[in-house]
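A quick write-up on the structure given underneath.
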């Protein structure tokens, strides 16, 4: 089964998304390529971003060769993931291939710069000028899309380095995410044009006369009251508010109503305040991280980042209703803008059916609110997106990159 969406503008821009459920990798790629070819009227796309479920890992390089021969794109990014999404569908656990292609109007006043990094070819994270030159970041850079292997990419260093490589007060938005198509190193596939690798990251730097907007919806809500980290060791919080961390959390949770305690079955989350000086902290004021485990003997919590003393944190809960409302609220803010030409959507692999109990929640809402735009993307092991002027890795979010 192949589905496709096409959008064109009066000034010559065009975008096509295509999603195939075919189990044969090269057949799926040919179906996707055929839909893009027809949607663009036989013209070559400037960029193609293609996501393939892990079922397609073995034959993906050959399938991408087929696609490039048929479409002759300016640049192509492709990678393997747990599940793909696109055209109003989320193929959770199913064989799937989803692609987004864009052709810009002539004359082109847009620069698309592909880049990659691997153990044998690292990017200079500690040298801002060299990093900017490597990824072609400039004052007119709108966004950097990154697909990264989680086993071999220092993402917590890479995202702030890319965002701040121009210096000053400007942060370049970084979107994309950690690939989720493998449970062990060297089993993901990353393809940039004709280069195939199983480690590192691939990216596209988008600059020039193009409008790029990002939406980051974390889908969790704070409960209890904020507390301060008073002692920690690595990623383990040993004290909160001057008390053993686990004792403090236990007391905070015991004060919750039964309906909220039931939501803890989905796992405990901890939000770090972006601006602890803000008088009233709400849903969008935290960066949410998973609680990875507890140490009963030390009464401590292990979390999915490196906390620091003095940080303000608050317990968060996974909540389908809060996730729904937050995404709708952020899309409300997009109604004052022109409708985008296309969207690239990255959602946490803890959302979807696991959170909402049904299939297609995030894609359905985004397409409904944005006039059924061409849309492709994937379920990630970590989502990249800017919040509060910083590029961060999220763990329960949906991140939409809207291009227009």
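Of everything in the range 12-29 that is more than 23 Å from the chain's Cα centre (by Cα) and in a loop (DSSP other than H, G, I, E, B), the residue that is modelled with the lowest pLDDT is 12. For the range 1-30, how many residues are in contact with a strand residue (DSSP E or B) (Cβ under 6 Å, 6 or more places away or on another chain) and in contact (Cβ under 8 Å) with a residue 60 or more places away in the chain? The number of residues fulfilling the criteria is 13. For the structure I just gave you, tell me whether residue 123 is surrounded by 20 or more Cβ atoms within 10 Å (Cβ to Cβ) and assigned to a strand (DSSP E or B). Spelling it out, it is not the case that residue 123 is surrounded by 20 or more Cβ atoms within 10 Å (Cβ to Cβ) and assigned to a strand (DSSP E or B). Note on the range 156-193: residues that are over 17 Å from residue 129 (Cα atoms) and in contact (Cβ under 8 Å) with a residue 40 or more places away in the chain amount to 18. Looking at the range 93-120, which of its residues are surrounded by 20 or more Cβ atoms within 10 Å (Cβ to Cβ) and not in a strand (DSSP E or B)? Selection gives 96, 104. Taking the conditions exactly as written (buried (at least 17 other Cβ atoms within 10 Å of the Cβ), within 29 Å of the chain's Cα centre (by Cα) and in contact (Cβ under 8 Å) with a residue 40 or more places away in the chain), does residue 229 satisfy them or not? Spelling it out, residue 229 is indeed buried (at least 17 other Cβ atoms within 10 Å of the Cβ), within 29 Å of the chain's Cα centre (by Cα) and in contact (Cβ under 8 Å) with a residue 40 or more places away in the chain. The requirement of being surrounded by 15 or more Cβ atoms within 10 Å (Cβ to Cβ), assigned to a loop (DSSP other than H, G, I, E, B), in contact with a strand residue (DSSP E or B) (Cβ under 8 Å, 6 or more places away or on another chain) and touching a residue at least 60 places away in the same chain (Cβ under 8 Å) is fulfilled somewhere in the range 274-291, by at least one residue.
The residue that is farthest from residue 191 (Cα to Cα), among those in the range 52-61 that are surrounded by fewer than 24 Cβ atoms within 10 Å (Cβ to Cβ) and out of contact with any helix residue (DSSP H, G or I) (no Cβ under 6 Å at 6 or more places or on another chain), is 55.
Taking the numbered list (1) under 24 Å from the mean Cα position of the chain (by Cα); (2) assigned to a strand (DSSP E or B); (3) not assigned by TED's automatic domain parsing to the domain that holds residue 211 in turn, residue 306 passes all entries but (2). Applying the criterion of being touching a helix residue (DSSP H, G or I) at 6+ places or on another chain (Cβ under 7 Å) and in a loop (DSSP other than H, G, I, E, B) to the residues of the range 30-51, the residue that is nearest to residue 70 (Cα to Cα) is 44.
The values are calculated or read from the model by the stated rules, or taken from the named source; none is laboratory data. This is a predicted model, so every value here is computed, not measured. Note that we place each Cβ from the backbone using ideal geometry, even for glycine, and neighbour counts take in every protein chain shown.
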